Amino acid sequence: MTTLFPPNSLSPLLNLKSSPSLQPKSTSLISYKPIVSNLKKTQTLSLKPPTLPSCTTLLTHAQQGLAALAITLALNFSPLLLSGNAFASEFDVINERPPKEAYVVDDAGVLSRVTKSDLKRLLADLESRKNFHINFITLRKLTSKADAFEFADQILERWYPSVEEGNDKGVVVLVTSQKEGAVTGGPAFVQAVGENILDATVSENLPVLATDEKYNEAIYSTAKRLVAAIDGLPDPGGPSVKDDKRESNFKTKEETEEKRGQFSLVVGGLLVIAFVVPMVQYYAYVAKK
């Protein structure tokens, strides 16, 4: 017995390709392919070996570190850069106007209020009677000039440009770090004081008392000795000189040149290490590759 199916009942089975509900969507295949492609790219990138820039960066950091070390040593050991504050202090004193009433420029900050007051009273009385004006200056260190005498002469010329202005003016300088001083002045001042008292104050009062760090006594005893000489009174004398010879802390020209040569050699060597050695290491590394 044969079973017969009507034509319409077989049409769904024969038309599978034409049925939209049973047909797979093409979009699923399209979206799947980019995912596979992205995964492959990610795996390819993650398997790459480290590249050369990492070593180059390391060499660059080393070069920069050595260069910074050279600059730091230059700033610490250069005599010009190290004494920046001293330069500014000296120039400030030179550029200031001469004190008219105080008579004192205590740039080193070593004088007490009592000493400044006593100096003002003593020197003001001298100026009112004899018309001589004496300026006292203290400095911590000298770097722009060779010694205290050269700086004192520069002060006199800068503050009193003409001979008439500086004729009856005196300048006393005390450098605390170098334990030395200087006295200078115009022609009338030098004649009134006398060469003997000028030499005695420079060789006795200022250096001897400054060596013991008795800066107030060094300044005031010098002032009294100068005033007594101008007034024609007996010399009060200076402090007793010790038997041991006082050694100056001021460096000679030969010592300065030697230090400068050593400094230049050290800085030059550091600069060579900072710039040449990293380049040689870099080329050696590239050659091995």
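Read the figures in this text as sums done on the coordinates, not as results from a lab. From a predicted model like this one, the values you see are computed outputs, not experimental measurements. Heads up, the Cβs are rebuilt from the backbone with ideal geometry, glycines too, and the neighbour counts pull from every protein chain shown.
On the beta carbon distance between E96 and Q262, with R0 = 45 Å, the FRET formula returns roughly 0.80. Here the Karplus relation 6.51 cos²θ - 1.76 cosθ + 1.60, evaluated at θ = phi - 60°, turns the backbone of the stretch 173-180 into coupling constants of 10, 10, 9, 6, 6, 8, 6, 9 Hz, with x for every Gly and Pro.
Measuring nothing but how far apart in sequence close Cα pairs (under 8 Å, 6+ apart) lie, relative to its length, the stretch 89-231 scores a relative contact order of 22 percent.
Specify whether the C-alpha gyration tensor of the stretch 89-231 places it in the rounded, prolate or oblate class, a ≥ b ≥ c being the square roots of the eigenvalues: rounded for a/c under 1.5, otherwise prolate if a/b is larger than b/c and oblate if not. Note, shape of the stretch 89-231 comes out rounded. Amide hydrogen proximity for I137: with H placed 1.01 Å from N in the peptide plane, the residues at 5 or more positions away or on another chain lying under 5 Å are V105, V172, V173, L174.
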